[in-house]
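Following: one structure in structure tokens, then a few remarks.
Any read-out appearing in this document is the output of simple, stated calculations on the displayed coordinates, not a laboratory observation. It should be emphasised that the depicted structure is a prediction, and the values quoted were computed from it without experimental measurement. So basically every Cβ, Gly included, is an ideal-geometry build from the backbone, and we count neighbours across all protein chains shown.
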Amino acid sequence: MSSPDASSDVARRFGPALLSAARAGLEHVVRSGGVLNVDLSEAAPELRTPAATFVSLHRGDELLGCIGSLVPARPLVIDVVENAAAVVLRDPRCPVLLPRDVSSIRIDISLLTPSEPMAVSSEEDLVSRLEPGIDGVTLEDRGRRGTFLPVVWESIPDPADFVHELKRKAGLPERGWSPSIRVSRYRTVTIAEGEE
């Protein structure tokens, strides 16, 4: 998916199928402890196209966990299924889930546009160029990396605070700015259960 428009089209046309696949992946990992094997033979071409996604699990207003990929390396439907399982298997925030818990969990899928590098000269430069509520941001430096999806703006609306917290998440020094920090941004289209 090369643009928000392309992502929106995929979300509109395949949102229910992707949510169903994510839920099947969640149910499988909770019941078996393993990742669901996806058969692509019947999948639409759009679902077989490599894509980057994040999957979030919620119970009520509580975020149980969120894991995803920044680079489109797997077919879209496989990325969604494997990220749903990864929340359960690898996100330390996610509690142990039992089969009876699955029906109370809400799934959100974020489809990412390709990341675009940002040439910034300082933290202040980055802060001044961000579009709150729209930009997802990734910071990388010396083997450390962190990203915030655009939805994070809902809880951290101030751009300076957003960058400060992202530096903390990435394990980067909270004070100062290294000229070796690489910054990229992306957009997302979200598919949420209950909003089809």
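Data table
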item: ³J(HN,Hα) computed for each position of segment 22-29 - Karplus, 6.51 cos²θ - 1.76 cosθ + 1.60, integer Hz, glycine/proline x; result: 4, 5, 4, x, 5, 4, 5, 5
item: Loop GluC sites (Glu not before Pro), segment 1-91, which have at most 12 other Cβ atoms in a 10 Å radius of their Cβ (DSSP); result: E42
item: Karplus-derived HN-Hα couplings along segment 7-19 (A = 6.51, B = -1.76, C = 1.60, θ = phi - 60°), whole Hz, x at Gly and Pro; result: 5, 5, 5, 5, 4, 5, 7, 10, x, x, 5, 5, 5
item: Gain in span if fully extended, D39 to R13, counting 0.36 nm per residue against the direct Cα distance; result: 7.4 nm
item: Three principal axis lengths of segment 4-113 [C-alpha, angstrom, descending]; result: 35, 28, 22
item: Those trypsin sites (Lys or Arg not before Pro) in segment 90-179 that DSSP places in a loop and that have at most 12 other beta carbons within 10 Å; result: R93, R142, R175
item: Theoretical FRET efficiency, 1/(1+(r/R0)^6), r = Cβ-Cβ of H164 and D61, R0 30 Å, to 0.05; result: 0.75
item: For T49, residues with placed amide H under 5 Å, excluding near neighbours; result: L76
item: Projected label distance in nm at D5 and R100, using a 7 Å step from Cα toward the beta-carbon; result: 5.1 nm
